[in-house]
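These notes concern the structure reproduced below.
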Amino acid sequence: MSSIAFKPFTGLRRSAALPCHNPNTTTLSKPLVKFHVSASRTSPKLSNRNLRVAVIGGGPAGGAAAETLAKGGIETFLIERKLDNCKPCGGAIPLCMVGEFDLPLDIIDRRVTKMKMISPSNIAVDIGQTLKPHEYIGMVRREVLDAYLRDRAQENGANVINGLFLKMDMPKTWDEPYVLHFTEYDGKKGAMGSKSTLEVDAVIGADGANSRVAKAINAGDYDYAIAFQERIKIPDEKMVYYENLAEMYVGDDVSPDFYGWVFPKCDHVAVGTGTVTHKSDIKKFQLATRNRAKDKILGGKIIRVEAHPIPEHPRPRRLSGRVALVGDAAGYVTKCSGEGIYFAAKSGRMCAEAIVEGSQNGKKMVDEGDLRKYLEKWDKTYWPTYKVLDVLQKVFYRSNPAREAFVEMCADEYVQKMTFDSYLYKTVAPGNPLEDLKLAVNTIGSLVRASALKKEMERLNV
Amino acid sequence: MSISMALFSPPPTPFSLNPNFTHKSTHFPSLNRPFLHLSTPKSLPDNGASAAAVEDSKPNPEDPALERAVEGSSGPNGAATSAEVEVSSNFEDPSWIGGTWDLKQFEKNGSIHWDAVIDAEVRRRKWLQDNPETTSNDNPVVFDTSIIPWWAWMKRFHLPEAELLNGRAAMIGFFMAYLVDSLTGVGLVDQMGNFFCKTLLFVAVSGVLLIRKNEDLDNIKKLIEETTFYDKQWQATWQDDTTSNNN
């Protein structure tokens, strides 16, 4: 059992800059109290303008939010610092995202229909036989997806601004706007950019794991994993193997609490690994991952090395006043699989829908209660998914025997069907109780066998 | 890729055949294979003899490709690379055929000796834990522990431990029964009818089952904390606003 030192979670809200919690809340709570006295139903109508909302960050979360806001008749400003950003990312989207967000099929570079899970002792299990012909996991290039969503938001009326968000002035009374300070680049590359300000009524923070909006509202910190990835161009005959297959390697050598992967991209593969607890050893884990896949990526050339943080759980505070966080900024990445694109886009959309509804298509001012509805809906809809994945990670990623059992379980068809159904459609389906019971028994059997072997292994040492 | 080859630090091999290779880099494809396997003493003792036969299943084209990638890392002179190539040793065993254990080789007087299969798999996993290997599409590992029947696992692992725990429970039970009897005068039969004694019995049995070592107490506490930690992280956003809870 890995000994995790549990940091006291309630203390995370205290930011280092403000050692004393109380003054902070009193300065915020005065306008907060005022916000809550007036229910949204009695919010004043905006007399001569529509509601103004700024979305900071133009990734999937920002793009989806801006589109929904603009469609809802709200004056939307989408502020993105780098319009051609190639965000380092696994790039996998579930099938339901294509339908829910009306994505054109040419955005998807590859359809992954087979996966191979490889245990620490190299037992390899193929999964994907239960997939129907129209089901797949879509692999996208982030720069293509992000640009598409942003352009669609712009077509619907959002103002896309190329700028870097710097800071935000909080309103002192409830009817004052938020003043955003940002550096506007105006599309010129390498230019200095000019300082600009923007007054808006509400803000959606979609600026990713190192969110500045989160810092501005003292959202608190979260634990995060480091994902390290190398893009490798392998010879064409080896690329055929990865035509529609992704691989997942588990083992202590590859990662102590996550997995190593080989994902096919448009014309190369991405080989990477991640960890939360041993970030300083990430290069070692990457070498081990490349070693495990050595035969299959032999002769490949590394064309790009990238790393990015992945949040492990939501920030302590995802909402403050009329500022809400969505996507990676809020920490909506699942455990076990580390999936974030779909949840980012969906949370952006959900938050925007709450604003549109609370403001009655931009005619009234919103307040914190309206934004809280988004949080309620989100937690209610996706909490089971997050919890199940957390349990899976805790049970199956904790040690090598557990990982061996995990790979053994993946060979079971019922497991494959349940896994893919819940991944592709984002619902935790209850399944057949008899099969569930059989599955539970088999899981326990696998775990017991694997740990018995591990005990024997340790005896060999001694 | 080439960097990983150079950095692939092998376990030290007593039979170091490196000096022989340095000047024979051009002869790699043909000469390499037999030497490759004689220099891996980590597996079973009778490895060397049959290893060459087992490994013929590995496809040839890999070697020249291996050479090319390795030579790329140390310039035109392929001499230094011979060390890396030579020590990419895989797990070999005469009973490990086609990615799984050949059960026929474990037969003794007609019936399969499952303990030996378990021992063999333990050795394989230990070997791989210390020397992680690359996976290969041509030699996939397809071994599944469930081919070993459940009673073999029971006999080997469950029964000895059950004996130990039952022994502990019996000793505790006898001593506690004697103690309670001497303190209260209630005999064993009357003790079993009393609710408090039944509770004590339950606590004693579950204690013996759950707490085997001193560390288990801490582990159990941590486990309980772990199960609810994620929930707490998610609900943190709601904790701050219990006072202003309307709408």
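The values are calculated or read from the model by the stated rules, or taken from the named source; none is laboratory data. Quick caveat, the model's predicted, so the values are computed rather than measured. Don't worry about glycine lacking a Cβ; one is built from the backbone with ideal geometry, like all the others, and counts go over all protein chains shown. Keep in mind that these areas ignore ligands, DNA and RNA; they rest on the heavy atoms of the full protein, side chains included. Shrake-Rupley method; radii C 1.70, N 1.55, O 1.52, S 1.80 Å.
Among the trypsin sites (Lys or Arg not before Pro) found in the range B:174-241, those both in a DSSP coil and sparsely packed, with 13 or fewer other Cβ atoms within 10 Å of their Cβ, are B:Arg212, B:Lys213.
Think of it as helices only: each DSSP H run of n ≥ 4 in chain A is worth -39500 (n - 2.57), and spread over all residues that comes to -12000 deg cm²/dmol at 222 nm. Mind running the shape call on the range B:96-247? Use the C-alpha gyration tensor, a ≥ b ≥ c as the square roots of the eigenvalues: rounded below 1.5 for a/c, prolate if a/b tops b/c, oblate otherwise. Judged from the Cα gyration tensor, the range B:96-247 comes out oblate (a/c at least 1.5, b/c at or above a/b). Specify the inter-centroid distance of the range A:143-179 and the range B:176-206, based on alpha-carbon positions, in whole Å. Cα centres, the range A:143-179 to the range B:176-206: 72 Å.
With a Förster radius of 35 Å applied to the C-beta separation of A:Asp236 and B:Val142, the computed FRET efficiency comes to 0.80.
Note on A:Asp109 and A:Glu199: their simple-model spin labels are 4.5 nm apart, each label 7 Å out from Cα toward Cβ.
Working from Cα pairs under 8 Å separated by at least six residues, relative contact order for the range A:81-168 is 40 percent.
For the range A:327-406, with all protein chains in place and a probe radius of 1.4 Å, 60% of the accessible heavy-atom surface sits on carbon or sulfur.
Taking 0.36 nm per residue of sequence separation and removing the Cα-Cα distance, the B:Lys213/B:Thr227 pair yields an extension gain of 2.9 nm. Bridgeable lysines around A:Lys373 (alpha carbons under 23 Å apart, same-chain partners fewer than 8 residues away excluded): A:Lys30, A:Lys34, A:Lys45, A:Lys71, A:Lys215, A:Lys346, A:Lys363, A:Lys364, A:Lys387, A:Lys426, B:Lys232. Alpha carbon centre of the range A:387-462 versus the range A:194-224: separation in Å? For the range A:387-462 versus the range A:194-224, the Cα centre distance is 39 Å.
Taking R0 as 45 Å, what's the FRET efficiency between B:Phe202 and A:His134 from their Cβ-Cβ distance, rounded to 0.05? Result of the calculation: an efficiency of 0.25.
Against the longest principal axis of chain A, how steep is helix A:341-358, in degrees 0 to 90 to the nearest 10, with axes from Cα atoms? Once rounded, the angle reads 30 degrees. Across chain A, the mean sequence separation of Cα contacts (distance under 8 Å, 6 or more residues apart), normalised by length, yields a relative contact order of 20 percent. Taking both sides together, the accessible area buried where A meets B is about 6000 Å² for a 1.4 Å probe.
Take the range A:183-293 with all the other protein chains still there, run a 1.4 Å probe, and you get 38 Å² of accessible area per residue. Comparing each chain alone with all protein chains together (probe 1.4 Å, DNA, RNA and ligands left out), the residues of the range B:114-129 losing at least 30 Å² of accessible area are B:Val122, B:Arg125, B:Lys126, B:Leu128, B:Gln129.
Per-residue mean of foreign Cβ neighbours for B:140-149 is 5 (Cβ atoms of other chains, 10 Å radius).
The packing ranking of peptides A:266-275, A:313-322, B:106-115, highest mean first, is A:313-322, A:266-275, B:106-115, where packing means the average number of other beta carbon atoms within 10 angstrom of each residue. In the context of the full set of protein chains, residues of the range A:34-177 present 41 Å² of accessible surface per residue (probe radius 1.4 Å, heavy atoms only). What pairs from A:Lys82/A:Lys296; A:Lys114/A:Lys335; A:Lys335/A:Lys377; A:Lys283/A:Lys335 go past 24 Å between their alpha carbons? Long pairs (Cα-Cα over 24 Å): A:Lys82/A:Lys296. Residue ranges A:167-174, A:330-337, A:61-68 sort as A:61-68, A:330-337, A:167-174 when ordered by packing (mean number of other C-beta atoms within 10 Å per residue, highest first). Tell me, what is the percent relative contact order of the range B:114-213, built from C-alpha pairs under 8 Å that lie six or more residues apart? With pairs under 8 Å counted, the relative contact order is 25 percent. Among the trypsin sites (Lys or Arg not before Pro) within the range A:65-129, those in coil by DSSP and having at most 15 neighbouring Cβ atoms inside 10 Å are A:Lys82.
Counting only DSSP beta bridges whose two residues both lie in the range A:56-186, roughly 75 percent are antiparallel.
Each Lys and Arg contributes +1 and each Asp and Glu -1, all at the Cβ; summed about the Cα centre of the range A:223-328, the dipole is approximately 400 debye.
The contact residues of the range A:204-240, meaning those that lose at least 10 Å² of 1.4 Å-probe accessible area when all protein chains sit together rather than their chain alone, are A:Asp223. In the full protein context, the range A:389-462 carries 51 Å² of accessible surface per residue, based on a 1.4 Å probe and ignoring ligands, DNA and RNA.
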